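Contents: one structure, followed by commentary.
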Amino acid sequence: MEKREEKIACSANGSIFPLTFLEMMVVSGVIVSSVLGLLGLYYTMPASDYSFLKLPRSLEELQILRDHLESYTNDYTIQVLMGYCAVYIVMQTFMIPGTVFLSLLAGALFGVFKGVALVVSAATAGASSCYFLSKLIGKPLVFSLWPDKLSFFQAQVAKRRKGLLNYMLFLRLTPTLPNTFINVASPIVDVPYHIFFLGTFIGLIPAAYLTVRAGLALGELRSLGDLYDFQAIATLFLIGAVSIAPTLLTKSKT
């Protein structure tokens, strides 16, 4: 175990402060904007009973939240958008589970096109913030929680360095590795941020579409398992296979 951790540690940035000034500004800006968004929502809400405003942990709680927010969204669209994005980004940054409920809520409140744009943008911003935060302080957490996954991920990244964007797209499109792990581990195994950003932004679109579209018929869902049936999962794997095919073909020729 010590040799494996030493090997991984050697591949990471060895500077005393791993973030550049620009990266520090980005992560600080994302977090500060999220906090300001939540404060802005709180101070601009009209006087009313907002006991229903809590993170949903079940489809029943999500339906209650949707019912209360529908009329409110029409009158206070900007506040809802600010609050939605802020909550989504904070949850992604600090690895708080439950963003699937927010993705369903986006479909229920904003429709497919706006919902997908909102989810992908907020998810990418939150994932980016998590990436930089992990680059700063994430090593001990990743080593303790996912040592085996980290070794596997590092080996795959090293092997696919020339086609890394295709591989990152494949990971985002398929459930091969959890998205939370990808966000935290990518800077540890030296995935460049521009590759991480593009792979995240593009790769999240298909799954976001499926989830947001399901939010249109929120009342018909009985469990989260209804979101991804065999056909949906097979489609995501097919798209993922297409994304990684150029890398495999290149290797076969060499």
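In the range 48-100, how many are hydroxyl-bearing (Ser, Thr, Tyr), in a helix (DSSP H, G or I) and more than 21 Å from LYS114 (Cα to Cα)? Walk me through it before giving the result.
Of the residues in the range 48-100, the ones hydroxyl-bearing (Ser, Thr, Tyr) are 48, 50-51, 58, 71-73, 76-77, 84, 88, 93, 99.
Right, trim to in a helix (DSSP H, G or I) and you get 71-73, 77, 84, 88, 93, 99.
Restricting the remaining residues to those that are more than 21 Å from LYS114 (Cα to Cα) gives 93.
Looking only at that region, the number is 1.
Whether any residue in the range 50-62 is at pLDDT below 75 and under 24 Å from LEU150 (Cα atoms) is what I want to check.
no
Please state which one of VAL80, VAL87, VAL30 is of a type in the set (Val, Ile, Thr), modelled with pLDDT under 75 and surrounded by 13 or more Cβ atoms within 10 Å (Cβ to Cβ). First the steps, then the outcome.
Details: VAL80 fails: modelled with pLDDT under 75; VAL87 fails: modelled with pLDDT under 75.
Among VAL80, VAL87, VAL30, only VAL30 is of a type in the set (Val, Ile, Thr), modelled with pLDDT under 75 and surrounded by 13 or more Cβ atoms within 10 Å (Cβ to Cβ).
Does at least one position in the range 105-124 carry a residue that is crowded, with 20+ Cβ neighbours inside 10 Å, aromatic (Phe, Trp, Tyr), in contact with a helix residue (DSSP H, G or I) (Cβ under 9 Å, 6 or more places away or on another chain) and at pLDDT 95 or above? Quick ask: steps written out before the conclusion?
So in the range 105-124, the residues crowded, with 20+ Cβ neighbours inside 10 Å come out as 105-110, 115-116, 118-120, 122-124.
Checking which are aromatic (Phe, Trp, Tyr) leaves us with 110.
So of that shortlist, the ones also in contact with a helix residue (DSSP H, G or I) (Cβ under 9 Å, 6 or more places away or on another chain) come out as 110.
With at pLDDT 95 or above added as a condition, the list becomes none.
The answer is no; no qualifying residue exists.
Of the residues that sit in the range 137-170 and are without any contact (Cβ under 8 Å) to a residue 40 or more places away in the chain and closer than 17 Å to ILE205 by Cα, which one is surrounded by the most Cβ atoms within 10 Å (Cβ to Cβ)?
Filtering the range 137-170 for residues that are without any contact (Cβ under 8 Å) to a residue 40 or more places away in the chain and closer than 17 Å to ILE205 by Cα, the one surrounded by the most Cβ atoms within 10 Å (Cβ to Cβ) comes out as MET168.
Which of the residues that make up the range 156-173 are within 16 Å of ALA123 (Cα to Cα) and either part of a loop (DSSP other than H, G, I, E, B) or of a type in the set (D, E, K, R) (or both)?
Across the range 156-173, the qualifying residue is only ARG172.
Taking only pairs six or more apart or across chains, which ones have beta-carbon atoms under 8 Å, a first residue in the range 112-129 that is free of Cβ contacts under 8 Å to residues at least 60 places away in the same chain, and a second residue that is crowded, with 22+ Cβ neighbours inside 10 Å and of a type in the set (Val, Ile, Thr)?
Partner pairs satisfying both residue conditions: ALA122/ILE89.
Out of the residues in the range 127-182 meeting the condition of being closer than 27 Å to MET24 by Cβ and hydroxyl-bearing (Ser, Thr, Tyr), tell me which one is nearest to the chain's Cα centre (by Cα).
THR180
Against the definition (buried (at least 19 other Cβ atoms within 10 Å of the Cβ), in a helix (DSSP H, G or I) and touching a residue at least 24 places away in the same chain (Cβ under 8 Å)), how does THR200 come out, yes or no? Give the steps one after another, and end with the answer.
Values: buried (at least 19 other Cβ atoms within 10 Å of the Cβ): yes; in a helix (DSSP H, G or I): yes; touching a residue at least 24 places away in the same chain (Cβ under 8 Å): yes.
Judged against the criteria, THR200 is a match.
Take the residues in the range 215-232 that are modelled with pLDDT of 80 or more and part of a helix (DSSP H, G or I), then tell me which one is farthest from GLY111 (Cα to Cα).
Only one residue tops the list, namely LEU218.
List the residue pairs whose Cβ atoms are under 6 Å apart, where the first residue sits in the range 25-37 and is over 15 Å from LYS135 (Cα atoms), the second is surrounded by 13 or more Cβ atoms within 10 Å (Cβ to Cβ) and of a type in the set (Val, Ile, Thr), and the two are 6 or more positions apart or on different chains.
Taking only residues 6 or more apart or on different chains, the pairs are SER34/ILE89; SER34/VAL90.
The values are calculated or read from the model by the stated rules, or taken from the named source; none is laboratory data. These numbers come from a predicted model, not from an experiment. As a convention, Cβ positions derive from the backbone with ideal geometry for all residues, glycine included, and neighbour counts pool all protein chains shown.
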